[in-house]
Structure formats: structure tokens, C-alpha cells
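Enquirer: Dropping the structure in here first, questions after.
The values are calculated or read from the model by the stated rules, or taken from the named source; none is laboratory data. All values reported here derive from a predicted model rather than from experimental measurement. Using ideal geometry, Cβ is built from the backbone for each residue, glycine included, and neighbour counts are taken over all protein chains shown.
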């Protein structure tokens, strides 16, 4: 038979289980990984809205930026540089081609059976220019008013995360 304790008897401190701490909501004291995801999501949404009337998405603009800066680039090289799967790049390129923003270049690449070099169309160059201006302006607002040393520290920290460094927030005397 189950034993019960009298209602007037206090519960021993060790018997009280600590409840797991729920993930914090956004804010200065929030979980850092959650904050980073939320900030990236908010910025991505802002970029999507900035580019909507141009008919491109942020990943499509990123692909166009690489192709525009490297005319003749192959889709496989684009996938490696963008850190995306070949299937994802194929879909992005197909959509950009359908929109008339990217075309396959002339000629065949040696040692590549079906690979064709990519190039922007004149319309693609125009969309890229307008899109980059908008995205760069939004990026400038992110660091508006930030001191140069703090900006450098933030850039180094973010790059460290991207590059998988063990201690991306390590101290640097230059940040003082």
C-alpha cells in the first residue's frame, strides 16, 4: 500500500526535483545559439522582403553573385563555393534560367561531359546590381553606430563559427 505524508509535514529539500530550465526567449540573456538562429532568421526574412519585387530569393541572389563575379563558372563549382548540394544548385540555376537571369555559356568544358559554363544575362546583371545594393544597405544597418573594434570582433566571432573554430569568441587584445 502506498504511504502518504501528512499535509502539514514539510517536503525535504533533497526530495524537490529541479525543473529543467526552458530555453530562454529572445533577449540579452537568451540562449546564445537560439539568439543566433533567430537573428539569422530575422535578417533572412528582411532580405526576402527586400528582394521580393525583383523576383529572386536570397539564395538565388547569392548564386547570381558568384556567377556574376566568376563568368564561366560551372554549377558544380558554384555548389562547392556556396556550400550547397549539387541538387540544390541545380534547382536554383533552373529557376534563374527560367526567369531569364542566367544562361549557359558557349562552348564545352574539357573533361566535363555535360557541364556548361554559366553566365548572367543582361537582365540578370541588372537584377544582381539592384539586389546587391539593397542587401548591402540592410547589412550596413546591422552595424550602424557600432565601434570599429567591436565590429571587427563581431566579424571574427561570426567567421569563427562559420569556419568551425573551437573558440570563436577567444580574447584578442585588439578588441580593447
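Enquirer: Being without any contact (Cβ under 8 Å) to a residue 40 or more places away in the chain and touching a helix residue (DSSP H, G or I) at 6+ places or on another chain (Cβ under 9 Å) is true for just one of 49, 37, 44. Which residue is that? Can you show your working first?
Expert: Numbers: 49 fails: touching a helix residue (DSSP H, G or I) at 6+ places or on another chain (Cβ under 9 Å); 37 fails: touching a helix residue (DSSP H, G or I) at 6+ places or on another chain (Cβ under 9 Å).
Going through 49, 37, 44 in turn, just one is without any contact (Cβ under 8 Å) to a residue 40 or more places away in the chain and touching a helix residue (DSSP H, G or I) at 6+ places or on another chain (Cβ under 9 Å): 44.
Enquirer: One residue is enough: does segment 23-43 have a residue meeting the conditions at pLDDT below 55, exposed (fewer than 10 other Cβ atoms within 10 Å of the Cβ), over 19 Å from the mean Cα position of the chain (by Cα) and more than 22 Å from residue 94 (Cα to Cα)? Even if it seems obvious, please write down each step before you answer.
Expert: Here is the first cut: in segment 23-43, the ones at pLDDT below 55 are 23-24.
Add one more test, that the residue is exposed (fewer than 10 other Cβ atoms within 10 Å of the Cβ), and what stays is 23.
Keeping just the survivors that are over 19 Å from the mean Cα position of the chain (by Cα) gives 23.
Still in the list and also more than 22 Å from residue 94 (Cα to Cα): 23.
Within segment 23-43, one or more residues are at pLDDT below 55, exposed (fewer than 10 other Cβ atoms within 10 Å of the Cβ), over 19 Å from the mean Cα position of the chain (by Cα) and more than 22 Å from residue 94 (Cα to Cα).
Enquirer: Here's something else I'd like to know. Mind checking which helices (runs of 4 or more DSSP H) fall wholly inside segment 48-127 and carry at least 2 residues that are surrounded by 15 or more Cβ atoms within 10 Å (Cβ to Cβ) and at pLDDT 95 or above?
Expert: Numbers: elements: 58-69, 75-82, 86-98.
Those helices (runs of 4 or more DSSP H) span 58-69, 86-98.
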